[in-house]
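The values are calculated or read from the model by the stated rules, or taken from the named source; none is laboratory data. Just so it is clear, the structure is predicted and the values come from calculations on it, not from any experiment. With ideal geometry, Cβ positions are generated from the backbone for all residues, glycine too; neighbour counts draw on all protein chains shown.
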């Protein structure tokens, strides 16, 4: 069985039709991980006991002649910012290096309830803070397409695992582009749902008003299946929306002819690589040939998105990460002379450089005398960015943009230049700030055979439309 090309349907069907067993399929993936992951570094922790327990349950269902659940027997990976009961959950940080949670993230629980086999926890930038997966406290992840390059971040492990055939699908999180940008760099599909569509319960918080959980997959249909599985109201998360969840898979087959697709000039300006521009413009023409109407739109405040994001996100991070103090759980410094010394040393030794940088930025933005000038003003600009999208969506059904201004860059190329690293998210942070859904799908390659991503943005809670457009494009360009 070719693990590199398995989809949810093909994996589930193979198990249901007894061409393999869930146990044998999981074992095959573990063999592949053991063979290939030392060169990639996608996994931090393998959860083999848990996986085999679920696989045995699926095999018993098959033996009884029962119908399999939607993800029955499908091997998946989970970004290590989602807690898993009894399985170490680190958020890529030394400060949580030995944390074993007593409960499951809602999204993970829903995946397992649907029959998914959780192979293990995937590497990520520490506390999801990064655009290259070089900020992990354990080791960087390498891009399966070119191991001298980054896989993107912060869900680099999730994207790399799917691209390398070490999971059929994976869960990632997106705060400023952390699902879509790695999907673009690794040549897979990455879907960020509307804020509130998927419960954040059990997601180790970075910035609570920006964090999203979503799937990374090989196909748009697989992303739709996973979203249908994990979406919906959760009483454990007050920000999860009580909004009906459509049958995303059924919606895929609806025609896109006549849809109005917006193209914003602000996403095609300075800094956009020429090969990326050409690939995205070719994709736009393909959508036109499929019957879509291409409509110019303007998102006037886009130039303020990066500074706005890095004030709002760091301010929330400063508040959220205050809980990591070495008292109840996580890393504690040894030989501290007093309680204040223990706090200071535990955080200094437990957090990495990028996390410290963002805590300091956020603390400064929230401090007395600067709150109005920075945080309050950033929230006002965030409202303007949201209004830009609201106005645009009065004219169009979806907006297409590049996912990232460049293809995957070299390991170490930007690690000492935080501003250059932050600008890698210039086309993705706007959707997080506005809370709208977005998807990245492959739309070509550079002359070095590096993947290029096309981003499709939609109205709040209208994931169905962006999935339809993405699926139609995917089917029209399938080789």
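List every residue pair whose Cβ atoms lie under 7 Å apart, where the two residues are 6 or more positions apart in sequence or sit on different chains, the first residue falls within the range 454-479 and is closer than 16 Å to residue 218 by Cα, and the second residue, located anywhere, is crowded, with 20+ Cβ neighbours inside 10 Å and at pLDDT below 95.
Note: no pairs meet the criteria.
Here is a yes/no grid of residues against (1) buried (at least 18 other Cβ atoms within 10 Å of the Cβ); (2) assigned to a helix (DSSP H, G or I):
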{"residue": "170", "(1), (2)": "yes, no"}
{"residue": "215", "(1), (2)": "yes, no"}
{"residue": "226", "(1), (2)": "yes, yes"}
{"residue": "253", "(1), (2)": "no, no"}
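Being in a helix (DSSP H, G or I), in the same structural domain as residue 363 (by TED's automatic domain parsing), at pLDDT 95 or above and crowded, with 17+ Cβ neighbours inside 10 Å: is that true of residue 283 here? Spell out the reasoning first.
Details: in a helix (DSSP H, G or I): yes; in the same structural domain as residue 363 (by TED's automatic domain parsing): no; at pLDDT 95 or above: yes; crowded, with 17+ Cβ neighbours inside 10 Å: yes.
So residue 283 does not fit the description; no.
Do you know which residues across the range 52-86 are within 23 Å of the chain's Cα centre (by Cα), within 30 Å of residue 18 (Cα to Cα) and surrounded by fewer than 24 Cβ atoms within 10 Å (Cβ to Cβ)?
Within the range 52-86, 70 is the sole residue that qualifies.
Scan the range 149-165 for residues that are within 17 Å of the chain's Cα centre (by Cα) and either surrounded by fewer than 24 Cβ atoms within 10 Å (Cβ to Cβ) or part of a loop (DSSP other than H, G, I, E, B) (or both) and jot them down. Explain how you work it out, then say what you get.
Start the filter on the range 149-165 by keeping residues that are within 17 Å of the chain's Cα centre (by Cα), which leaves 150-164.
Across the range 149-165, the qualifying residues are 150, 151, 152, 153, 154, 155, 164.
Specify which of the listed residues (426, 436, 399) is closer than 17 Å to residue 263 by Cβ and at pLDDT below 95.
Values: 436 fails: at pLDDT below 95; 399 fails: at pLDDT below 95.
The match here is 426.
For the range 197-209, how many residues are touching a strand residue (DSSP E or B) at 6+ places or on another chain (Cβ under 9 Å) and surrounded by fewer than 24 Cβ atoms within 10 Å (Cβ to Cβ)? Working first, answer last.
In the first step, residues of the range 197-209 are kept if they are touching a strand residue (DSSP E or B) at 6+ places or on another chain (Cβ under 9 Å); the result is 197-200, 202-204, 206.
Narrowing further to those that are surrounded by fewer than 24 Cβ atoms within 10 Å (Cβ to Cβ): 202.
Total satisfying the criteria: 1.
Any idea how many residues of the range 300-325 are under 18 Å from residue 353 (Cα atoms) and surrounded by 17 or more Cβ atoms within 10 Å (Cβ to Cβ)?
So the answer is 12.
Of the numbered conditions (1) assigned by TED's automatic domain parsing to the domain that holds residue 352; (2) over 26 Å from the mean Cα position of the chain (by Cα); (3) free of Cβ contacts under 8 Å to residues at least 12 places away in the same chain, residue 322 satisfies every one except a single condition; which is it?
Against the list (1) assigned by TED's automatic domain parsing to the domain that holds residue 352; (2) over 26 Å from the mean Cα position of the chain (by Cα); (3) free of Cβ contacts under 8 Å to residues at least 12 places away in the same chain, residue 322 comes up short only on (2).
Mind listing just one residue for me: the one in the range 336-352 that is free of Cβ contacts under 8 Å to residues at least 40 places away in the same chain and in contact with a helix residue (DSSP H, G or I) (Cβ under 9 Å, 6 or more places away or on another chain) and, of those, farthest from residue 319 (Cα to Cα)? So that I can check it myself, show each step before the final result.
First, the residues of the range 336-352 that are free of Cβ contacts under 8 Å to residues at least 40 places away in the same chain: 336-345, 348.
Right, trim to in contact with a helix residue (DSSP H, G or I) (Cβ under 9 Å, 6 or more places away or on another chain) and you get 336, 348.
Values: 336: 24, 348: 16 Å.
Of everything passing the filter in the range 336-352, 336 is farthest from residue 319 (Cα to Cα).
Kindly check whether there is at least one residue in the range 269-277 that is over 20 Å from residue 190 (Cα atoms), part of a loop (DSSP other than H, G, I, E, B) and more than 25 Å from the chain's Cα centre (by Cα).
From the range 269-277, those over 20 Å from residue 190 (Cα atoms) are 269-275; that's our starting set.
Of the ones still in play, those that are also part of a loop (DSSP other than H, G, I, E, B) are 269-273.
Next, from what is left, pick out any that are more than 25 Å from the chain's Cα centre (by Cα): 269-270.
Checking the range 269-277: at least one residue is over 20 Å from residue 190 (Cα atoms), part of a loop (DSSP other than H, G, I, E, B) and more than 25 Å from the chain's Cα centre (by Cα).
Considering every residue within the range 134-148, establish whether at least one is crowded, with 24+ Cβ neighbours inside 10 Å, closer than 22 Å to residue 193 by Cα and in the same structural domain as residue 226 (by TED's automatic domain parsing).
No, every residue in the range 134-148 fails to be crowded, with 24+ Cβ neighbours inside 10 Å, closer than 22 Å to residue 193 by Cα and in the same structural domain as residue 226 (by TED's automatic domain parsing).
Mind checking whether some residue in the range 343-351 is in a loop (DSSP other than H, G, I, E, B), out of contact with any strand residue (DSSP E or B) (no Cβ under 9 Å at 6 or more places or on another chain), assigned by TED's automatic domain parsing to the domain that holds residue 275 and crowded, with 17+ Cβ neighbours inside 10 Å?
Narrowing the range 343-351 to residues in a loop (DSSP other than H, G, I, E, B): 351.
Okay, now just the ones that are also out of contact with any strand residue (DSSP E or B) (no Cβ under 9 Å at 6 or more places or on another chain), so 351.
Narrowing the set further to residues that are assigned by TED's automatic domain parsing to the domain that holds residue 275 leaves none.
No, because not a single residue in the range 343-351 is in a loop (DSSP other than H, G, I, E, B), out of contact with any strand residue (DSSP E or B) (no Cβ under 9 Å at 6 or more places or on another chain), assigned by TED's automatic domain parsing to the domain that holds residue 275 and crowded, with 17+ Cβ neighbours inside 10 Å.
Just to be sure before I move on: is residue 406 modelled with pLDDT of 95 or more, surrounded by 14 or more Cβ atoms within 10 Å (Cβ to Cβ) and either touching a strand residue (DSSP E or B) at 6+ places or on another chain (Cβ under 7 Å) or not in a helix (DSSP H, G or I) (or both) in the structure I sent? Steps first, answer last, please.
Values: modelled with pLDDT of 95 or more: yes; surrounded by 14 or more Cβ atoms within 10 Å (Cβ to Cβ): yes; either touching a strand residue (DSSP E or B) at 6+ places or on another chain (Cβ under 7 Å) or not in a helix (DSSP H, G or I) (or both): yes.
The answer is yes for residue 406.
Only residues in the range 265-277 that are closer than 22 Å to residue 392 by Cα count as the first member; pair them with residues that are in a helix (DSSP H, G or I), Cβ under 6 angstrom, at least 6 apart or cross-chain, and list the lot.
266/302
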